[in-house]
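The values are calculated or read from the model by the stated rules, or taken from the named source; none is laboratory data. Because the structure is a prediction, the values reported are computed rather than measured. So basically every Cβ, Gly included, is an ideal-geometry build from the backbone, and we count neighbours across all protein chains shown.
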Amino acid sequence: MSSQKLILDRLTTILSETDNSNSAKLLQLVDEAGRIFIGGAGRSLLVSRFFAMRLVHAGYNVSMIGEVVTPAIKAGDLLILVSGSGGTETLLPFVKKAKSVGAKLAVISMKKSSPMADAADLTIQIGNDNSFPLTKGMPMGSQFELSTLVFLEAAIADLIAAKGLTEEGMRAIHANLE
């Protein structure tokens, strides 16, 4: 089997095991938020950046946590964290701070229950507890990160359709200092 087929087959299986009703719940939290703060660590951080960029293209006020220009989070805001384990030590202080000021928290993880998930207003479990066996050809989290990327891109597609956003309108917001 080719590596491409292996990857696509694994992602198809994982996404078929994911509760897609959580996409609408996430988008509702996004719509209700004053501002949106997004983060992760490692490759999950890269996936979170994809999602943050798409939300900016859709007209939302989005900041990446840890950037020097990121403002303080406050009540009415939403923190979205991508963490396969749901227990990434460097992200746990952000969970505590967001909850202490009255912000909402959405966690996207492989685990239904974790330190982050247990504090969250919404936990989106990608796949289920048995969706991520060691798979030769997909090392160190690839299955989670790639399936999360596809899940979030599909959520953005739903958002674009629901809001009637156009390619031209989104391109007008796209960064022009790159």
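The single condition from (1) of a type in the set (Gly, Ala, Ser); (2) in contact with a Ser or Thr (Cβ under 6 Å, 6 or more places away or on another chain); (3) over 19 Å from Ala98 (Cα atoms) that Ala41 fails is (3).
Condition check ((1) without any contact (Cβ under 8 Å) to a residue 60 or more places away in the chain; (2) of a type in the set (A, V, I, L, M); (3) over 14 Å from Ala98 (Cα atoms)) across all residues:
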| position | (1), (2), (3) |
| --- | --- |
| Thr13 | no, no, yes |
| Asp19 | no, no, yes |
| Val69 | yes, yes, yes |
| Ala72 | yes, yes, no |
| Ala75 | yes, yes, no |
| Leu79 | yes, yes, no |
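Take the range 57-80 and flag every residue that is modelled with pLDDT of 95 or more and not in a loop (DSSP other than H, G, I, E, B). Across the range 57-80, the qualifying residues are Val62, Ser63, Met64, Leu78, Leu79, Ile80. For the range 110-164, taking the residues that are modelled with pLDDT of 95 or more and among the hydroxyl-bearing types (Ser, Thr, Tyr), the one that is surrounded by the most Cβ atoms within 10 Å (Cβ to Cβ) is identified as Thr148. Flag not set for Ala106, criterion: in a helix (DSSP H, G or I), buried (at least 20 other Cβ atoms within 10 Å of the Cβ), in contact with a Leu (Cβ under 8 Å, 6 or more places away or on another chain) and of a type in the set (A, V, I, L, M, F, W, C). On inspection, Gly86 fails the criterion of being in a loop (DSSP other than H, G, I, E, B), modelled with pLDDT under 95 and either buried (at least 16 other Cβ atoms within 10 Å of the Cβ) or of a type outside the set (S, T, N, Q) (or both).
Is it the case, given these coordinates, that Thr148 is in a loop (DSSP other than H, G, I, E, B) and among the polar types (S, T, N, Q)? The answer is no for Thr148.
Condition test on Lys112, is it touching a helix residue (DSSP H, G or I) at 6+ places or on another chain (Cβ under 9 Å) and basic (Lys, Arg)? So Lys112 does not fit the description; no. Every condition in (1) within 20 Å of the chain's Cα centre (by Cα); (2) over 18 Å from Phe50 (Cβ atoms) holds for Leu134 except the one numbered (1).
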